[in-house]
1. Compute for the stretch 1-74: radius of gyration divided by Kirkwood radius, i.e. Rg/Rh, restricted to C-alpha atoms, rounded to two decimals.
2. Whole-Å semi-axes of the stretch 77-126's equivalent ellipsoid, largest first, each the root of 5 times a Cα gyration tensor eigenvalue?
3. Place +1 on the Cβ of every Lys and Arg and -1 on the Cβ of every Asp and Glu in the chain, take the dipole about the Cα centre, and give the residue among G78, G169, M206 whose Cα lies farthest towards its positive end.
4. Check which residues have an amide H placed less than 5 Å from V75's amide H, if you skip close sequence neighbours.
5. Quote the charge dipole size of the stretch 146-260 about the Cα centre in Debye, to the nearest 20; the model charges only the Cβ of Lys and Arg (+1) and of Asp and Glu (-1).
6. What 222 nm value per residue comes from the helices of the chain, counting each DSSP H run with n ≥ 4 as -39,500 (n - 2.57) and dividing by all residues, nearest 500 deg cm²/dmol?
7. Obtain the radius of gyration and the Kirkwood radius of the chain from its C-alpha atoms and give Rg over Rh.
8. Do any trypsin sites (Lys or Arg not before Pro) in the stretch 1-85 lie in a DSSP loop with no more than 14 other beta carbon atoms within 10 Å, and if so, which?
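The values are calculated or read from the model by the stated rules, or taken from the named source; none is laboratory data. None of these values were measured; they are calculated from a predicted model. Here Cβ is always computed from backbone atoms with ideal geometry, including for glycine, and neighbour counts include all displayed protein chains. Accessible surface areas use protein heavy atoms only, side chains included; no ligands, DNA or RNA. Shrake-Rupley method; radii C 1.70, N 1.55, O 1.52, S 1.80 Å.
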Amino acid sequence: MIYLKTDEEIELLRQSNLLVSETLAEVAKFIKPGITTLELDHIAYEYILSKGAVPAFLNYGGFPNTLCISVNDQVVHGIPSNYALKNGDIVSVDCGVKMNGFFGDSAYTFPVGDVNPEVLKLLKATKESLYEGIRFAVEGKRVGDVGHAVQYYCETRGFSVVREMVGHGVGRSLHEKPEVPNYGRQGWGTKLKSGMVIAIEPMINMGKKELILESDGWTTRTTDGMMSAHYEHSVAIRKGKADVLSTFKYIEDVLGTNAI
Ligand code: MG
Ligand code: MG
């Protein structure tokens, strides 16, 4: 079943999501060649606890850390490790928190140092496709309209859309109904209603769409070894215009002129 949130619940979801956005901005300050992904994870862990919230991914289904950190050809659900970021890498950081009973969920892919301009195009298109999807996250549209918008935007630019993992409802649980694929047919799927809150999260590959799951049971990686990007916002469905509960503003203030 799909839970419709009251206005009060949406405000609590906004607070949780803004904390995720602040946490990603805190992590953004430290993203540079040489830092390990485990060090980034620790920064997020301490920051979330200092705000009286709980890291949502830690121990979720047995996941061992606060952040999912996925580098280069890793798609999502990467486990923080002693890997030190290198000049030219891209790094997807996905963060979730629970605060006042409600979850926040957002993700951003960062360039590390000087990144190949073709790869920067992938990051830009993936982020823009998220906002394309958000345009259709309004009352009366359907989940297929959101997915189609993301898919059309990315495929017409030569990129491919991951099928195995999808966006989702978010609320008192991290993952609620409905599923929100990043592909679809216009006019198909669950009808969106005011009060629904969904996480839209395009996972877009530079090469082929196929993935493999690594032996750690979590990390997904492109089969062709080409780069993959991931951006995510949690949004409340409203009439006419979606209410985006997370924000990239704090991150982009940190990145300054290096923002995509
Ligand atoms: Mg996420
Ligand atoms: Mg999510």
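1. 1.04
2. Gyration-tensor ellipsoid for the stretch 77-126: 26, 15, 7 Å.
3. Looking along the dipole axis, the top candidate is G169.
4. T220, R221, T222
5. 660 debye
6. -9500 deg cm²/dmol
7. 0.94
8. K29, K51
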